[in-house]
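A short worksheet on the structure shown next.
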Amino acid sequence: MDLLIRYLAGGLSAGALYGLMALGLVLIYRASEVVNFGHGDLAMVSTFAAYTLLRAHAPLPLALGGAVLFGAALGALVERGLLRPARRRRATPLTLVVLTLGLALVLNGLAGLLWGHEIRTFPALVSGPPLRLGPAVITREQLFNLVVGLLLALALYAFLRFTRTGLALRAVTQNPEVARLMGIPVDRILILAWGVGVGLGAIAGILAAPLIYLEPNAMLPLLIKGFAAAVLGGMTSLPGAVIGGWLLGILENLAAGYIATELKTPLAFALIVAVLVVRPAGLLGRPISHRV
């Protein structure tokens, strides 16, 4: 029983990171109907920004906050400078997806030029002995990631539910043309959606970096798990993204603990395939109908 509780705690902690990655993907998709394959590399570049600031002896809060803002600014720039001109030229959804793939390759190459391809270690964000919660032992890092993931999900819910800007963003995700007729500045809302979405991905990358390593391809596994969580929960559902992340984290931790650690990534792919076959809309998503 102690081992099971430990696996569940570790799964919830990892799932919080997958959920943050999925939240950013779903928010961007709902606002602009673009599947952002550059999400992982945007998170990677933001994490390298945090690493650079820490190496320059910036205080930890300043380095982390600056890197997240840098990621959000990158997301806004991608929407404003790359996707919007393509959309105005009647680019197809497939063209927009290819643009995000090209963006990922460009960012990956730039990161290799600026920081090199050697593996680096990212400093721990919290330290101290493990905590005992009843019969289970959980590291402070796991608890920190779980709490941050939960608080950010709640903060995003409150923003979308109780603020005028959040309500405007929800209106744009439902029908941008009607929102425009109501006087909502749709173009600015799209910039906001990309900024917040990429910012969430940057936070996920920064939280994950101390647990893995840092190099230009480091965030690819996290991106895959984020996509798996988004598909599992539903690409149109923000709560589904969080729940999908937790479910994926728990399932892969149980599979790794009781069967083999090599099953973690194959399980993510298997979940994507299974959900797309059985319930394409995901657990909490709704059938997708593209805007005209």
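The values are calculated or read from the model by the stated rules, or taken from the named source; none is laboratory data. Remember, predicted model here, so these are calculated numbers, not experimental data. Ideal geometry is used to build each Cβ from the backbone, glycine not excepted, and the neighbour counts take in all protein chains shown. Side chains included, ligands, DNA and RNA excluded: accessible areas come from the protein's heavy atoms. Shrake-Rupley method; radii C 1.70, N 1.55, O 1.52, S 1.80 Å.
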Would you pick out the residues in the stretch 30-73 that are touching a residue at least 12 places away in the same chain (Cβ under 8 Å), open to solvent by 10 Å² or more (accessible area, probe 1.4 Å) and not in a helix (DSSP H, G or I)? E33, V35, F37
What residue, of R89, R80, R161, is open to solvent by 30 Å² or more (accessible area, probe 1.4 Å), over 22 Å from the mean Cα position of the chain (by Cα) and either within 21 Å of V198 (Cα to Cα) or free of Cβ contacts under 8 Å to residues at least 24 places away in the same chain (or both)? R89
Which of the following residues is out of contact with any Gly (no Cβ under 9 Å at 6 or more places or on another chain), in a helix (DSSP H, G or I) and hydrophobic (A, V, I, L, M, F, W, C): L103, L113? L113
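Among the residues of the stretch 136-156, is there at least one that is in a loop (DSSP other than H, G, I, E, B) and exposed (fewer than 14 other Cβ atoms within 10 Å of the Cβ)?
Just the residues of the stretch 136-156 that are in a loop (DSSP other than H, G, I, E, B), to begin with: 139.
Filter once more, so that each one left must be exposed (fewer than 14 other Cβ atoms within 10 Å of the Cβ): none.
Checked the stretch 136-156: no residue is in a loop (DSSP other than H, G, I, E, B) and exposed (fewer than 14 other Cβ atoms within 10 Å of the Cβ).
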Looking at I272, I250, I243, can you tell me which residue is assigned to a helix (DSSP H, G or I), in contact (Cβ under 8 Å) with a residue 40 or more places away in the chain and within 17 Å of A204 (Cβ to Cβ)? I243
Quick test of your reading of the structure: V97 fulfils all but one of (1) in contact (Cβ under 8 Å) with a residue 40 or more places away in the chain; (2) surrounded by fewer than 17 Cβ atoms within 10 Å (Cβ to Cβ); (3) more than 22 Å from L223 (Cα to Cα). Name the failing condition by number. (3)
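Any residue that is part of a helix (DSSP H, G or I) and open to solvent by less than 60 Å² (accessible area, probe 1.4 Å) - is there at least one of those in the stretch 211-219?
Let us first name the residues in the stretch 211-219 that are part of a helix (DSSP H, G or I), namely 211.
Of the ones still in play, those that are also open to solvent by less than 60 Å² (accessible area, probe 1.4 Å) are none.
No: zero hits.
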Looking at the stretch 18-29, I want the residues that are among the hydroxyl-bearing types (S, T, Y) and have a partner that is open to solvent by 10 Å² or more (accessible area, probe 1.4 Å) with Cβ atoms under 7 Å, at least 6 apart or on another chain. Which pairs are those? Y18/K225; Y29/V35; Y29/M235
Might you let me know whether the stretch 250-262 holds any residue that is modelled with pLDDT of 90 or more and surrounded by 23 or more Cβ atoms within 10 Å (Cβ to Cβ)? no
Go through (1) within 20 Å of M219 (Cβ to Cβ); (2) surrounded by 15 or more Cβ atoms within 10 Å (Cβ to Cβ) and name the single condition G102 misses. (2)
